[in-house]
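Remarks on the structure that follows.
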Amino acid sequence: MRVPPMAHGQGAGAALPGRRFRVCLANTGKNMSADPYIEIQYYASLREQRGVDREQLSYTPRTALDWYAHVSRTHGFTLLPENLRVACNDRFVAWTHAVQAGDRLAFIPPVAGG
């Protein structure tokens, strides 16, 4: 059964602007498989530096800041956390947010445009 997308602004919390969401278990942040992974999404200059827009990594208990420090060391990112926004499961969160298995983290650098 296919669930129609929700319009931006529906539901509680600070959602990423311009995003549309599907109401399904995949957006709950709960790991539905036996393997504990998280998905990391990269935007703008981070996506260009990494060469991919997302990757799946083995889960270990960490905060969002710990995960950014890990991928920064691994991929040579030079942007400091204070110059980025972080989102978990399509909601902006603090860098101290505890990431759970099955979560989706997004690191969002400042972007310009019109």
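Enumerate the whole-percent occupancy of each 5 Å bin, from 0 to the last occupied one, for all C-alpha pair distances of the stretch 29-108.
3, 16, 30, 27, 17, 5, 1
Counting other Cβ atoms within 10 Å, keep those with at most 14, restrict to DSSP loop, and tell me which chymotrypsin sites (Phe, Trp or Tyr not before Pro) in the stretch 48-114 are left.
none
Does anything in the stretch 83-114 have its amide N under 15 Å from the 7 Å Cα→Cβ label point of Ala69, and if so which residues?
95-99
For Ser45, Ser58, which order do you get if you count the other beta carbons within 10 Å of each Cβ and list the fewest first?
Going from sparsest to densest Cβ surroundings: Ser58, Ser45.
Taking amide H positions as placed 1.01 Å from N in the peptide plane, with prolines and chain starts having none, which residues 5 or more places from Val93, or on another chain, fall under 5 Å of its amide H?
Hits under the 5 Å cutoff: Val86, Ala87, Cys88.
Bear in mind these aren't lab numbers, they're just calculated from the coordinates by the rules spelled out. This is a predicted model, so every value here is computed, not measured. With ideal geometry, Cβ positions are generated from the backbone for all residues, glycine too; neighbour counts draw on all protein chains shown.
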